[in-house]
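Please read the structure below before turning to the comments.
Every read-out reported here was derived from the displayed coordinates using simple, explicitly stated rules and does not represent laboratory data. Computed from a predicted model, the values in this text were never measured in an experiment. Note: ideal-geometry Cβ built from the backbone for every residue, glycine included; neighbour counts use all protein chains shown.
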Amino acid sequence: MNTTSFSKNQTTQLNPYLVKEILEASPQKLLIKIYDFAITNCQLRDMVKTNRAIDELINSLSFEDEKAREISLGLMRLYQFCQDQMRKQNYDVVHTILSDLRDSWLTIFKMKK
């Protein structure tokens, strides 16, 4: 996942508990948080924030491992489709796809425990 550096001024404006939670979160929890952010902003019909979250999901994909490459390509196409649908204001389509993907990841993470 992309790590964004914050200036001291920016971090003082953020909720310190949320910052701590994010900095200490596992990659799985971070992925779910990004989905939550994207889904929430999709519901709010905020194209910019939703597409920014989807960009983060795209940036988190792995193309190095041959087994992961095929899945990553499929997810990338789906994420790009969601971004396109957000631009076309098809919020319900994007909400459904992101929610289904989030639920699928949660199921996978529970199976790995």
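Size of the dipole of region 28-111 about the Cα centre, Lys and Arg at +1 and Asp and Glu at -1 on the beta carbon, nothing else charged, in debye to 20? Kindly include the intermediate steps, with their values, before the conclusion.
On the way: 12 positive and 12 negative charges, 45 e Å.
Approximately 220 debye in magnitude.
When Rg and Dmax of the Cα atoms in Å is calculated for this entry, the matching label among (1) 14.9, 51; (2) 14.9, 42; (3) 18.6, 66 is (2).
With a 10 Å cut-off between alpha carbons and a GNM built on the chain, which of Gln83, Gln43, Gln13 moves the most? Comparing Gln83, Gln43, Gln13 in the GNM, the peak value goes to Gln13. Here's the picture: charge each Lys and Arg Cβ at +1 and each Asp and Glu Cβ at -1 in the chain, and of Leu78, Tyr35, Leu61 the one pushed furthest to the positive end of that dipole is Tyr35. Each helix, a run of at least 4 DSSP H residues, gives -39500 (n - 2.57); summed and divided by the residues of the chain, these come to -24500 deg cm²/dmol at 222 nm.
Taking all Cα pairs closer than 8 Å and separated by 6 or more residues, the relative contact order of the chain comes to 28 percent.
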